Amino acid sequence: MSKYIGAMDLGVSEKVAGLREKIAKIIEEDATPLSEEFLEEVNIGDRWTHTKRQSEILDFLKNKAKSQGLWNFWLTDSERGYGLTTVDYAHLAEEMGKCHLGAETFNCSAPDTGNMEVIERYGTDTHKKQWLEQLLNGKIRSAYLMTEPDVASSDATNISMSCVSDGDEYVLNGEKYWASGAGDPRCSIYIVMVKTGGDDAPKHKRHSMVLVPADSKGIEILRPMKIFGHDDAPHGHMHLRFSDVRIPAENLLVGEGEGFAISQGRLGPGRIHHCMRSIGQAEKALELLCKRSVQREAFGKPLAQLGANFDVIAEARIEIDMARLLCLRAAWMMDQGDPRAAAPYISQIKVVAPRMALKVMDEAMQMHGGVGISQDTPLADMWMNQRTLRFADGPDAVHRRQIARKELKAYTQQKMG
């Protein structure tokens, strides 16, 4: 049993309750209807630029959030932050997950939150002035480049993009794909995992993190990756080629061989954020399911009273609440300051939360009939995004492996002893 079990406060503080109420109001009254309008504009003109109306929508939402002081909540361990714990932020992330532009409205979008945290913790004063200030103000976007097409990137020791020192520069060659956000017209900076050490170096000391301006000479966008046939414009998940891309040596973060240490610090909180947004999505799906079940009739009765729909609704509520508690526990573990101890709990929620959300969304689509998989509800897009999340930041199988290894550790040690 964990030594941390005891005084575990997972509740909503008075401060967070007030913030959550304000966020929920903006989500319901502004971000949700404007998200629908934003997405309708995608097919007007160039899909990879913002229309005038899309820019107006983003400016309106962000300015409204800023004017109410609802901004950059995710910085949980920084003088630049809002003074929230990870548990505090988790409650807010759930609300932001309920619509497409929810997180961006409050400058809490992935991958920017993790990237800002990396620059804030590991960047130089020059990096912070050049990139962090604009990111914190919501003026630019960023991308995180780790996955590669030719290696099994779920084992990050396979990452092979070459990064060779050449005087006061580094030279990068290779390809990256699933670069989420790299298609956004505001994307100005990439954080890139590269290989700097030889195969004779310890496998977790072969890789480094570098900052690469998106407009660097030698970067070619090969294509947007499609998810179930959709390209997610204008955000995008791009496939990029780096050909003799040169960056200043000072764009190396911390030092050569520190890539894994930086990435684990980045991915842990980010996975919690993703999972809490998944719970917000599941809550939205259950809301749509319930409304449909009492408003629609078939065979002379409301849908809620047909078949096993009472059981469907009850099971959805039970599973959402269980997943939320597990996510909050992982957030609490992160707040204790030991990322290694928190890691197995984060792996648990990374498996549980998207899988639960998919199940609830599937039931909601089923309750809606044909319209549930059409463009007339957000459910199909929500399901697609959640299915994708089961790959992001590590597929289920990798996380289950970590959970099992932790569970078996005591028994294997006993056997060896």
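Each value in this text was obtained by applying a stated rule to the coordinates, not by laboratory testing. This is a predicted model, so every value here is computed, not measured. Note that each Cβ is placed from the backbone with ideal geometry, even for glycine, and that neighbours are counted across all protein chains shown.
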**OP:** For region 84-135, report the convex hull volume of the alpha-carbon atoms normalised per residue, in Å³, without decimals.
**Re:** 78 Å³
**OP:** Compute the acute angle (0 to 90°) between the alpha-carbon long axis of helix 52-67 and the principal axis of greatest extent of the alpha-carbon atoms of the chain; round to the nearest 10°.
**Re:** 90 degrees
Subject >> Expected 222 nm ellipticity per residue - DSSP helices of 4 or more, -39500 (n - 2.57), all of the chain, to 500 >> reply: -15500 deg cm²/dmol
Subject >> Sites matching GluC sites (Glu not before Pro) across region 68-150 that sit in DSSP coil, with at most 14 neighbouring C-beta atoms within 10 Å >> reply: Glu79
Subject >> Per principal axis, descending, Cα span of region 344-388 in whole Å >> reply: 39, 16, 9
Original post:
Share of Cα-Cα pairs in region 201-311 beyond 24 Å, in percent?
Top reply: 59 percent
Original post:
Once both axes come from the Cα atoms, what is the angle between helix 309-335 and the longest principal axis of the chain, in degrees from 0 to 90, rounded to 10?
Top reply: 30 degrees
**OP:** Using Cα pairs closer than 8 Å and at least 6 residues apart in sequence, work out the relative contact order for the chain, in percent.
**Re:** 14 percent
Original post:
What's the angle, to the nearest 10 degrees (0 to 90), between helix 339-368's Cα axis and the longest principal axis of the chain?
Top reply: 40 degrees
Subject >> region 13-162: radius of gyration over Cα atoms, expressed as a fraction of 2.2 N^0.38 Å >> reply: 1.16
Original post:
Which chymotrypsin sites (Phe, Trp or Tyr not before Pro) does region 105-167 hold that lie in a coil by DSSP with at most 11 other beta carbons within 10 Å?
Top reply: none
**OP:** Report the paramagnetic label zone for Asn173: residues of region 192-223 whose backbone N is under 14 Å from a point 7 Å from Cα along the Cα-to-Cβ axis.
**Re:** 195
**OP:** Let me see the pair-distance distribution of the chain: every alpha carbon pair, 20 Å bin width, integer percents in order.
**Re:** 25, 58, 16, 1
Original post:
Full extension from Thr412 to Leu325: what is 0.36 nm times the residue separation minus their Cα-Cα distance, to one decimal in nm?
Top reply: 28.4 nm
**OP:** For the chain, set up a Gaussian network in which alpha carbons nearer than 10 Å are linked by springs, and say which option among Gly69, Gly259, Gly236 fluctuates the most.
**Re:** Gly69
Original post:
Looking only at Asp335, Asp376, Asp362, which one moves most when the chain is put into a Gaussian network model with springs between Cα atoms under 10 Å?
Top reply: Asp376
Original post:
Where is the GNM fluctuation largest for the chain (alpha-carbon springs, 10 angstrom cutoff): Arg266, Arg405, Arg186?
Top reply: Arg405
Original post:
Looking at Asn385, Pro248, Leu172, which one has the Cα that reaches farthest to the positive end of the dipole of the chain (charges on Cβ: Lys, Arg +1; Asp, Glu -1)?
Top reply: Asn385
Original post:
Hey, what's the per residue convex hull volume over the C-alpha atoms of region 244-359, in cubic angstrom?
Top reply: 152 Å³
**OP:** Rounded to whole Å and ordered largest first, report the semi-axes of the equivalent ellipsoid of region 142-252 derived from its Cα gyration tensor (root of 5λ).
**Re:** 24, 17, 10
